Amino acid sequence: YVGYTNSSYFVFIDTDGTVYWIVGDGGAGGAFQSAGVVSIDTWYHFALVRDGNNLTSYLDGVETATVSMTFNMGYTGTQLTIGSDLGAYGAGGAYFNGYISNFRVVDGSAVYTGSFTPPTELLYPIQNTTLLTCQSSSFIDNSGSNFTLTRNGDTSVQRFSPFSNVIQTPLS
C-alpha cells in the first residue's frame with residue numbers, strides 16, 4: 001500500500017495478487033484500475049507515472065493501465081504512507097506484508113513514458129527526485145530532501161535485495 005492522506009491515490013495488492021490503483025480527488029470520485037497480477041516470493045518493479053493529464057501504471061516495465069486526470073495528486077500538509085493504508089482509514093487499517101525496495105518519488109517530470117527495462121541496481125536520485133528510501137540499512141531519505149521518516153509497527157530493515165544478491169547499503 002502506498003497513499004496520501006485524503007486519498008489522492010492509492011496502490012494496493014488484493015489477496016488474490018491483483019495490483020490495483022485508485023485515483024481520486026480527495027474522495028470526490030476517481031478511477032479504479034487493475035494494474036496486473038503478482039505472486040508471492042517474487043520481486044516486481046511497479047511505477048505510477050503522471051505525464052500531463054495521463055496517469056499510467058507499469059508492472060515490470062510493461063504498461064498496465066492509463067487514466068486521464070486533471071486534479072493535483074498531492075495535498076499540502078498531507079502525509080505519505082508506505083506499506084499501509086493508515087492515511088486513508090485510520091488506525092487498524094491494512095498493512096503490506098512483504099518487502100519494499102528503492103521507493104522513489106519524482107515530482108515534475110515523467111521518468112517513464114513507454115515500456116522500459118526495470119532497474120537492475122540500486123536507484124539513485126535523478127532530476128526532481130523528492131524522496132528515495134527503502135534502500136539503505138536504516139529508514140532514511142536518500143533523495144537530498146532530507147525528509148524525516150517515521151517507522152510504525154514492526155516495520156524493519158532487512159538485508160535482502162531484488163538485485164542479484166546485492167546487499168543494500170547506504171549511498172555514499
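The values are calculated or read from the model by the stated rules, or taken from the named source; none is laboratory data. Quantities reported herein were computed from a predicted structural model and do not represent experimental measurements. So basically every Cβ, Gly included, is an ideal-geometry build from the backbone, and we count neighbours across all protein chains shown. For accessibility, only protein heavy atoms count, side chains too; no ligands or nucleic acids. Shrake-Rupley method; radii C 1.70, N 1.55, O 1.52, S 1.80 Å.
The table that follows gives values for the structure above.
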| item | result |
| --- | --- |
| Which listed residue is modelled with pLDDT of 80 or more and of a type in the set (Gly, Ala, Ser), from 29, 52 | 52 |
| Yes/no for residue 142 being in contact with a strand residue (DSSP E or B) (Cβ under 6 Å, 6 or more places away or on another chain), modelled with pLDDT of 75 or more and part of a loop (DSSP other than H, G, I, E, B) | yes |
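Per-residue answers, yes or no, for (1) assigned to a strand (DSSP E or B); (2) open to solvent by 20 Å² or more (accessible area, probe 1.4 Å); (3) at pLDDT 55 or above:
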| site | (1), (2), (3) |
| --- | --- |
| 43 | no, yes, yes |
| 65 | yes, no, yes |
| 71 | no, yes, yes |
| 78 | no, yes, yes |
| 88 | no, yes, no |
